[in-house]
Amino acid sequence: MEFNCSSPRTIPVVSTFANPFDNNYDDTNSLTGVNGQTRKPIALWPGMYHSPVTIALWETRSKTFERFLDPPKDAPPQSELLTKTPKQSRTSILYGFSADHILREQYRDPWNEVRIGKLLEDLDALAGTISVKHCCDDDNTTRPLLLVTASVDKIVLKKPISVDIDLKIVGSAIWVGRSSIDIQLEVLQSTKETSDTSDSVALIANFIFVARDSKTGKAAPVNRLSPETEQEKLLFEEAEARSMLRKKKKKVEEKKEFENGEVNRLEALLAEGRIFCDMPALADRDSILLRDTHLENSLICQPQQRNIHGRIFGGFLMHRAFELAFSTAYAFAGLVPYFLEVDHVDFLKPVDVGDFLRIKSCVLYTEHEDSEKPLINIEVVAHVTRPELRSSEVSNTFYFTFTVRREAKAMTNGFRIRKVVPATEEEARRVLKRMDAESLESNKGKSK
């Protein structure tokens, strides 16, 4: 299977387990490498995180990835930037859930829907493939770029995703900066009732990738992008506006530190928390301290979880963060939560094999404007901890929004989500920072 930098295609996804009683199964599956040598199938390659989708994607770009595994010595960087169209990076993957019962079982959650955590892994893997296609120069004599996930701008679930119906993910590069690439992905699932394309969109995700020179580690320029259709031009403009908004957010955060209004907001948030700390018997029983919503996981990052660059696969980190966020919302609400969106993800520092990773979560705040759909905002922070150095650094921050499942809520009379209150200034600042970011995003959406 050969990877083509310019031609869009649909990549079929199959289950990763073979039937041992299937006489047609061939475990040799040898493929021809770059130099005509027989190479092992992708599933046996080192340095790759394996799932049905990642294996399918890596098979399609195997020739490109062999350059990463054995890069030309002293190869020069790409000498001339190309101008590409979104069509040239457009890639789609197809899950044949209706016919592949093993694949269904690999993705099924307890509510007969697709596991969101596994889907986040797949979205990151597909976005990585698209970034490779956009940056590819078809020249085996140049050194390949190091492409990493910088952030996830937004992932919004528009409707439940059934595990019994075929699923398709389509994505392409929609905007580029000097060294960054904005990639939009759409998860599509059609039924007889939703044959219209717009109705079949179940989820939309935006990933930001950045390019680094694989030798120097410095920011590297990426190929230009020239949108062709009206829709592509619209997506380009929207992505550019989001880029400007991200820069504006940083300036707003820096400015707010010196505003008196910020102090007043902090005091208002902390007022109820002080009652919990100083007069707990008089505290509001419909509220709970932020620190009492905490959950935590710890793990040692294993070689099987690394990507082609030797670092821990970003999709794996998102999967683990989502599972902890879901558990936090479940323990807090007392009812089965329903995922709505990933508000934002920052990949601040790389995570390496052997790192001791502590993933901490809490309910940051709740929203009660719609009693039928109360919102639970979860913060997840991943720390790379080095006990021998007595150090701990934040590697990733994740923000998720959940509500509760309607069927679960309907069975509980008088159900109400509790209000979460901070007890310290540091907690209050985290809450305000996230509220302001959401408010800025909401105001931008209303102004369109």
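The values are calculated or read from the model by the stated rules, or taken from the named source; none is laboratory data. What you see is a predicted model; the values in this text were computed from it and never measured. With ideal geometry, Cβ positions are generated from the backbone for all residues, glycine too; neighbour counts draw on all protein chains shown. Heads up: the accessible areas ignore ligands, DNA and RNA and are worked out on the full protein's heavy atoms, side chains in. Shrake-Rupley method; radii C 1.70, N 1.55, O 1.52, S 1.80 Å.
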R0 of 22 Å, Cβ-Cβ distance residue 14-residue 166: FRET efficiency to nearest 0.05:
0.95
Could you please state how large a percent of the accessible area of region 115-240 is carbon and sulfur, counting protein chains only and using a 1.4 Å probe?
49
When the accessible area of region 261-446 is computed with all protein chains present and a 1.4 Å probe, what percentage of it is carbon and sulfur?
50
Can you give the relative contact order of region 261-446 as a percent, counting alpha carbon pairs under 8 Å and 6+ residues apart?
29
Roll a 1.4 Å probe over the protein chains and send me the accessible area per residue for region 99-198 in Å².
37
Could you pull out the pairs from 133/233; 215/248; 118/154 whose alpha carbons sit more than 28 Å apart here?
215/248
Overall dimensions of region 261-446 as given by Cα atoms, namely Rg and Dmax in Å:
17.9, 56
Please sort 115-127, 384-396 by packing, taking for each peptide the average over its residues of neighbouring beta carbons within 10 angstrom, highest first.
115-127, 384-396
Beta bridges by DSSP in region 261-446, antiparallel share as percent, to the nearest 5:
95
Could you check the simple spin-label distance between residue 433 and residue 336, using points 7 Å along Cα→Cβ, in nm with one decimal?
3.5
Spin-label point model (7 Å from Cα, Cβ direction): what's the residue 407 to residue 268 distance in nm?
4.0
Accessible area per residue of region 261-446 at 1.4 Å probe, in Å²?
48
Efficiency of FRET from Cβ geometry, residue 282 and residue 178, R₀ 41 Å, rounded to 0.05:
0.15
